[in-house]
Amino acid sequence: MVEWTDFERTTISSIFASLDYNDVGPKALCRCLIVYPWTQRYFASFGNLYNPEAIKTNPNVVAHGVKVLHGLDRAVKNMDNIKATYAELSVKHSEQLHVDPDNFRLLADCLSITVAAKMGSAFTPAVQAAWQKFLAVVVAALSKQYH
Ligand code: ZNH
């Protein structure tokens, strides 16, 4: 089981408490689709993703970015049980969506950059360490049901 310090718990819950989901979620997903264009293959049904401008304004991308961020809420609320919390979502990404689990880390990195840009100097090394640890546990949990 993953151990969390009080600082890590407080940091993660306070970042999420002040997060603008409708801004950060779409920005992080857009970044992922632009920086790592092969991730676009999973979103063929989303329509026009031909260039960065089309990606940014695509309503399906925006909605999905918000949805993914809300998916992280569940990890924040269950920090002592992230693996079990994501068991079903992991199966879904593996068996139904066929998302290569390497992509989880790519999206996590884009999310970190988006959050860092928003927080500015408040994103201290200690805050980053807590944040990266949280995302690493999330990524491991989402990758757990792959065989
Ligand atoms: Zn994912 C879906 C979360 C990553 C792809 N996702 C989804 C959902 C959720 C999520 C919650 C919904 C489900 C249901 O409905 O049941 N994701 C998530 C998270 C993460 C992710 C949390 C991390 C962090 N994904 C991801 C990636 C990718 C994806 C990286 C690729 C690249 N997802 C996806 C898809 C889908 C999903 C494709 C489906 C969509 C639709 O169809 O709408």
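The values are calculated or read from the model by the stated rules, or taken from the named source; none is laboratory data. All values reported here derive from a predicted model rather than from experimental measurement. Positions of Cβ are backbone-derived with ideal geometry, glycine not excepted, and every protein chain shown enters the neighbour counts. When the accessible area is computed, the model is the full protein with side chains, heavy atoms only, and any ligands, DNA or RNA have been set aside. Shrake-Rupley method; radii C 1.70, N 1.55, O 1.52, S 1.80 Å.
If I take every Cα pair under 8 Å that is 6 or more residues apart in segment 38-147, average their sequence separation and divide by the length, what percent do I get for the relative contact order?
32 percent
Semi-axes, largest first, in whole Å: what does sqrt of 5 times each Cα gyration tensor eigenvalue give for segment 45-147? List each step's numbers first, then the result.
Numbers: eigenvalues 102, 92, 25 Å².
Computed over segment 45-147, the values are 23, 21, 11 Å.
Alpha carbon centre of segment 1-68 versus segment 88-142: separation in Å?
Result: 9 Å between the Cα centres.
Between Leu97, Leu89, Leu107, which gets the highest mean-square fluctuation from a Gaussian network model of the chain, Cα cutoff 10 Å?
In the Gaussian network model the winner is Leu97.
Quick one: length gained pulling Ala87 to Ala126 fully straight, 0.36 nm per residue minus the C-alpha distance?
Numbers: separation 39, 0.36 × 39 = 14.04 nm, distance 2.91 nm.
Fully extending the segment from Ala87 to Ala126 adds 11.1 nm.
What's the extension gain from Arg74 to Ser14 if we count 0.36 nm per residue and subtract their Cα-Cα distance?
20.1 nm
With the other protein chains left in place, how much accessible area per residue, in square angstrom, belongs to the chain at a 1.4 angstrom probe?
Numbers: 8160 Å² over 147 residues.
Here the residues of the chain average 55 Å² of exposed surface.
Which Cys in the chain stand alone, with every other cysteine's Cβ at 4.7 Å or more from theirs?
Flagged as lacking a Cys partner: Cys30.
Tell me, in nm to one decimal, what length is gained between Asn60 and Glu3 on full extension, where the rule is 0.36 nm per residue of separation less the Cα-Cα distance? Walk me through the intermediate numbers first.
Working: separation 57, 0.36 × 57 = 20.52 nm, distance 3.65 nm.
Going from the current span to full extension adds 16.9 nm.
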